Amino acid sequence: MAAISLQTATMAEEVKLFGTWASPFSRRIEVALKLKGVQFEYIEENLSNKSPALLEYNPVHKKIPVLVHNGKPVAESLVILEYIDETWKHNPILPTDPYEKAIARFWAKYIDDKLWPAATKVLVSKGEEQKGVTEEIQEQLKTLESELKGKKFFGGESLGFVDIAANIIVFLLVAQEALGLMEILTEEQFPVLHEWYQRLVDDAVFKECVPPRERHLGFFKVRFGSSTASK
Amino acid sequence: MADEIILLDFWPSMFGMRVRLALAEKGLKYEYKEEDLRNKSPLLLEMNPVHKKIPVLIHNGKPICESLIIVQYIDEVWHDKSPLLPSDPYQRAQARFWADYVDKKLYELGRKIWSTKGEEQETAKKEFIECLKLLEGELGDKPYFGGEKIGFVDVALVTFSCWFHAYESFGNFSIEAECPKLIAWTKRCMEKESVSSSLEDPHKVHGFVMGMKKKLGIE
């Protein structure tokens with residue numbers, strides 16, 4: 001799929017993204033900007049030593065990602081995605097129909113409210129607790145799988161809002177491999193989701209925005225590696 | 001062809017009230033169905049199988065869940081009357097950010113205020129006031145968060161105001177003393193028929209929380 005490169009007509013359009021290389025939330029914004037062909041400056045933040053710029057642009061949460069468009073900041077990844085979609089209207093990531101849009105927002109919120117906390121929990125828990133959280137995640141994946149309903153992507157023919165939000169799954173699978181955890185997303189258990197996953201990681205734009213694999217595996221080993229794996 | 005709108009709700013829910021308020025702002029007629037959360041209706045379980053929670057809006061048979069998602073849906077479908085979100089993408093992003101902030105913070109802190117004691121309660125009260133002060137700052141000198149008229153953030157936040165009396169009573173503190181501008185804003189909102197008809201009586205809410213505390217064995 002060729003990414004359409006489009007220079008906007010406005011003079012001196014300045015787009016900056018404050019992020020971190022290993023954050024799925026940060027990577028979501030990269031995917032959206034690249035899908036729209038928006039030129040941007042990327043600033044890598046050190047979260048243990050946040051830049052004055054980040055603290056100025058996101059004083060409320062002091063977190064990444066923050067998008068700064070012509071000097072004006074937008075924070076919270078799903079809010080940023082909607083802003084990007086409304087500002088650069090080609091290659092839309094949200095549907096135009098209000099009902100379809102509500103459904104997309106519902107599933108993105110589900111991923112952030114349910115899957116993300118469970119995914120972080122599974123990496124730090126041990127033994128029986130870890131087993132319990134793993135089962136919880138699998139229930140959530142089953143729920144998400146039923147929403148795919150024979151579509152190529154959650155967004156239909158091309159990847160959209162929910163697919164971008166679901167990048168958490170990609171990160172979770174790298175983490176589980178790094179830590180030698182029980183495989184969560186197997187082809188046998190999740191045939192439909194597994195196919196979707198393959199399509200997602202093969203997508204020309206998406207795969208440009210995934211953290212470099214070896215470095216990413218190393219990141220999880222260092223960060224979470226002391227917890228014992230349960231098989 | 002008339003629209004069929006049903007709202008599955010639970011009277012004290014500040015989330016359900018958001019939807020009632022949005023519907024009132026748009027002047028929409030709907031059927032209100034009160035749910036017993038200890039005995040959820042087959043309709044609720046069918047319309048929100050994922051979370052099994054209220055509020056759920058059912059528009060011509062199709063369900064929409066999650067209060068802020070419902071409010072945006074209402075705003076987009078009935079876009080000609082009383083728009084709740086601004087038309088400028090940057091201002092929309094700011095409105096969504098602050099509504100999300102209310103969602104992330106206030107419910108949990110409020111719950112801790114009425115259901116805990118000692119240090120946990122004190123911490124929750126302190127954080128709660130800090131959040132309200134931040135929101136006060138965002139309001140600034142505007143009559144409403146939405147500017148001259150009520151908007152998305154007003155809808156997201158004002159429904160908590162009928163819970164303030166319960167928080168103050170069980171937390172033993174005064175929100176007005178700490179955040180007078182915010183209380184002034186709640187009073188301004190309550191002057192509107194759409195708001196006063198959508199929010200519950202603070203004393204009724206207080207009674208409800210008292211009942212909850214008894215049931216949970218919290219004195």
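If you wrap the tightest convex hull around every Cα atom of chain B and split its volume per residue, you get 125 Å³.
Here is how the number arises for chain A: DSSP H runs of 4 or more residues each give -39500 (n - 2.57), the sum is divided by the residue count, and the result at 222 nm is -15500 deg cm²/dmol. Once the Cα atoms are used to define both axes, helix A:24-35 deviates from the longest principal axis of chain A by about 50 degrees. Which Cα, out of A:Asn91, A:Ala104, A:Gly71, lies furthest along the positive dipole direction of segment A:56-117 (beta carbon charges, K/R +1, D/E -1)? Going by the charge dipole, the pick is A:Gly71.
Using the Kirkwood radius over Cα pairs, work out the Stokes-Einstein diffusion coefficient for segment A:48-204 at 37 °C and 0.692 mPa s, in µm²/s as a whole number. Here the translational diffusion coefficient equals 191 µm²/s.
Let me confirm one metric for peptide B:55-67, namely the mean number of other chain beta-carbon atoms within 10 Å of its residues' beta-carbons. Mind dumping the intermediate values first?
Details: counts 0, 0, 1, 0, 3, 1, 0, 3, 4, 6, 5, 6, 0.
Mean number of neighbouring Cβ atoms from other chains: 2.
Take each residue of peptide A:70-77, count the partner chain Cβ atoms within 10 Å of its Cβ, and average: the result is 3. A Cβ-based charge dipole, computed about the Cα centre of segment A:139-188 with Lys and Arg at +1 and Asp and Glu at -1, lands at about 200 debye. Once both labels are positioned 7 Å from their Cα atoms along Cα-to-Cβ, the gap between A:Leu47 and B:Lys215 label points is 3.8 nm.
When a footprinting reagent is the concern and you count Cβ atoms within 10 Å, what order do B:Leu134, A:Leu172, B:Leu216, B:Leu139 take, fewest first?
B:Leu216, B:Leu134, B:Leu139, A:Leu172
Relative contact order of segment A:68-150: 16 percent, from C-alpha pairs under 8 Å at least 6 residues apart in sequence. Considering only A:Val222, A:Ile168, A:Trp196, the residue lying farthest towards the positive end of the dipole of segment A:103-231 is A:Val222, judged by Cα position with unit charges set on Cβ.
For chain B, the dipole from Cβ point charges (+1 on Lys and Arg, -1 on Asp and Glu) about the Cα centre works out to 400 debye, to the nearest 20.
Taking the convex hull of the alpha carbon atoms in segment B:76-124, what volume per residue do you get, in Å³? The partial results should precede the final answer.
Values: hull volume 4.8 nm³, N = 49.
Looking at segment B:76-124, the number lands at 97 Å³ per residue.
Of the GluC sites (Glu not before Pro) found in segment B:144-196, those in coil by DSSP whose Cβ has at most 14 other Cβ atoms within 10 Å are B:Glu148, B:Glu191.
Cα-based Rg of segment B:47-93 per 2.2 N^0.38 Å, rounded to two decimals?
Details: Rg = 12.5 Å, N = 47, 2.2 N^0.38 = 9.5 Å.
Its radius of gyration relative to the 2.2 N^0.38 Å reference: 1.31.
Just how large is the dipole of chain A about the Cα centre, in debye to the nearest 20, putting +1 at every Lys and Arg Cβ and -1 at every Asp and Glu Cβ? Write down the numbers at each step before the final one.
On the way: 28 positive and 33 negative charges, 88 e Å.
For this selection, approximately 420 debye.
How far is the Cα center of segment B:1-37 from the Cα center of segment A:24-66, in Å? Taking the Cα centre of segment A:24-66 as reference, the centre of segment B:1-37 is 38 Å away. Under the shape rule built on the C-alpha gyration tensor, where the axes satisfy a ≥ b ≥ c, segment B:1-82 is prolate, since a/c reaches at least 1.5 and a/b is greater than b/c. In plain terms, the C-alpha convex hull of segment B:115-219 casts an average shadow of 6.8 nm² when viewed from every direction. Between the listed residues B:His59, B:Pro49, B:His165, the Cα displaced farthest toward the positive end of the dipole of chain B, a dipole computed from Cβ unit charges relative to the Cα centre, is found at B:Pro49.
Using helices alone, what [θ] at 222 nm do you get for chain B, with -39,500 (n - 2.57) per DSSP H run of 4 or more residues, divided over all residues and rounded to the nearest 500? Display every interim value, and only then the final one.
Numbers: 11 runs with 127 residues, N = 219.
The helix-only estimate for chain B comes to -18000 deg cm²/dmol at 222 nm.
Cα convex hull, the protein assembly as shown: 175 Å³ per residue, rounded to a whole number.
Calculation over all alpha carbon pairs of segment B:24-123 in 10 angstrom steps from 0 returns a P(r) of 12, 32, 33, 19, 4 percent.
Among residues other than B:Asn60 with Cβ under 10 Å from its Cβ, the summed charge is -1 (Lys and Arg +1, Asp and Glu -1).
None of the figures in this text is laboratory data; all of them are computed from the coordinates on show. As the structure is a prediction and not an experimental result, all values here were calculated from the model. Every residue, glycine among them, receives a Cβ derived from its backbone with ideal geometry; neighbour counts consider all protein chains shown.
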